[in-house]
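Step one of this worksheet: look at the structure below.
The values are calculated or read from the model by the stated rules, or taken from the named source; none is laboratory data. From a predicted model like this one, the values you see are computed outputs, not experimental measurements. Neighbour counts are summed over all protein chains in view; Cβ atoms, including those assigned to glycine, are modelled from backbone coordinates with ideal geometry. Note: accessible area is taken over every heavy atom of the protein model, side chains too, but ligands, DNA and RNA are not part of it. Shrake-Rupley method; radii C 1.70, N 1.55, O 1.52, S 1.80 Å.
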Amino acid sequence: MLVGYEYNSYKLGVALGVHWTPGPTAPPHWLVVGPSGTGKTVFSGQLAARMVLRENARLWIANYKDDDFFQFLQGVQGRYYRFRDAVNGIRDFYTVLENRLGGDPDRSLCLLWVDELAAMVTGLDKKEGELVKSAVASILQTGRSLNCQLLVSVQRADSAYFNNGARENFGNVVFLGPNITKEAAGMFGIDRAVLPSVTGRAGYYIVNGNSEAIRPIQCPIIKDTAKLREALSLGLTR
């Protein structure tokens, strides 16, 4: 599954794909980090759409900030949860995970996309915010073998939103934009001094927490917005 393109080759006019190969041994779960304007929601949407089309994933979307990107989903009857209802989206997905832990043999790919987790946790009352963090941690720690995967997009990487070191279970981390914050670098053991510079719709990709193998990538361009929307709608309703 395409993640992006090798940054240096792309700048020379050669589109060499950087791929994630799904399967039982593939690194699970995705964290996409980027300040406002770096395209993290669009990039996350592309990842989710590819999982729907290529891996037949069922999709849940918890959209607390009601980003404009999701406006096309307002009339879709499916697993789309906006603003305060986003908490119910996480609960519904967690129920699937609990059922599989309890003996449900289904191992088809289920994907929960939480857009702006930090805004959700800080916007809820303390008790509800802690319940959300607990559910996210459980999904990260137990979801791999059950094929329940998590895609989280946030403006800043902050360990405060992931209980008990759960962030270490993100097998795939993408930083969008030319800069990685000091906090994010410390969280993932990144030496900012040796990072190659990137410009435009680009960023950095880490697999399995191996910060020494961090690689610059160019984000794919959306060539067919209608197809992207159709894929997300399909995932929400299948």
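Observations
- Cβ separations smaller than 8 Å between residues 6+ apart or across chains give the following pairs from the range 211-227 residues that are open to solvent by 80 Å² or more (accessible area, probe 1.4 Å) to residues that are part of a loop (DSSP other than H, G, I, E, B) and charged (D, E, K, R): Ile221/Arg201.
- Cβ separations smaller than 9 Å between residues 6+ apart or across chains give the following pairs from the range 91-114 residues that are touching a residue at least 24 places away in the same chain (Cβ under 8 Å) to residues that are in a strand (DSSP E or B) and open to solvent by 20 Å² or more (accessible area, probe 1.4 Å): Asp92/Tyr81; Val96/Arg58; Ser108/Arg58; Leu109/Arg58; Cys110/Arg58; Leu111/Arg58.
- In the range 13-34, the residues that are closer than 21 Å to Gly200 by Cβ form Cβ pairs under 7 Å with partners that are aromatic (Phe, Trp, Tyr) and open to solvent by less than 10 Å² (accessible area, probe 1.4 Å), at six or more places apart or across chains, as follows: Val18/Tyr205; Val32/Phe43; Val33/Phe175; Gly34/Phe175.
- Positions within the range 199-238 being among the polar types (S, T, N, Q) and within 14 Å of Phe43 (Cα to Cα), in sequence order: Gln218, Thr225
- So Ser233, is it outside any helix (DSSP H, G or I) and out of contact with any strand residue (DSSP E or B) (no Cβ under 8 Å at 6 or more places or on another chain): no
- Filtering the range 228-238 to residues that are touching a helix residue (DSSP H, G or I) at 6+ places or on another chain (Cβ under 6 Å) and either of a type in the set (Asp, Glu) or open to solvent by 90 Å² or more (accessible area, probe 1.4 Å) (or both) leaves only Arg229.
- Output for the range 62-103, where each listed residue is surrounded by 15 or more Cβ atoms within 10 Å (Cβ to Cβ), over 19 Å from the mean Cα position of the chain (by Cα) and among the aliphatic types (A, V, I, L, M): Val76
- Within the range 126-136, the set of residues being over 14 Å from the mean Cα position of the chain (by Cα) and open to solvent by less than 10 Å² (accessible area, probe 1.4 Å) comprises Gly129, Val132.
- Any hit, the range 77-85, residues being part of a helix (DSSP H, G or I), closer than 18 Å to Ile221 by Cα and of a type in the set (Lys, Arg): no
- Any hit, the range 170-184, residues being under 24 Å from Ser9 (Cβ atoms), open to solvent by less than 40 Å² (accessible area, probe 1.4 Å) and among the polar types (S, T, N, Q): yes
- Of all residues in the range 39-79, exactly one satisfies the criterion of being charged (D, E, K, R) and at positive phi, namely Asp66.
- Residue within the range 113-121 that is more than 25 Å from Ile217 (Cα to Cα) and either open to solvent by 60 Å² or more (accessible area, probe 1.4 Å) or more than 17 Å from the chain's Cα centre (by Cα) (or both) present: no
- Candidates Arg167, Arg156, filtered to the one that is touching a residue at least 60 places away in the same chain (Cβ under 8 Å), closer than 22 Å to Phe43 by Cβ and surrounded by fewer than 16 Cβ atoms within 10 Å (Cβ to Cβ): Arg156
- Exactly one residue out of Gly4, Gly39, Gly45 is open to solvent by less than 30 Å² (accessible area, probe 1.4 Å) and either within 22 Å of Val121 (Cβ to Cβ) or among the hydroxyl-bearing types (Ser, Thr, Tyr) (or both), and it is Gly45.
- Selection within the range 16-36: residues that are assigned to a loop (DSSP other than H, G, I, E, B) and modelled with pLDDT of 95 or more. The member of this set that is surrounded by the most Cβ atoms within 10 Å (Cβ to Cβ) is His29.
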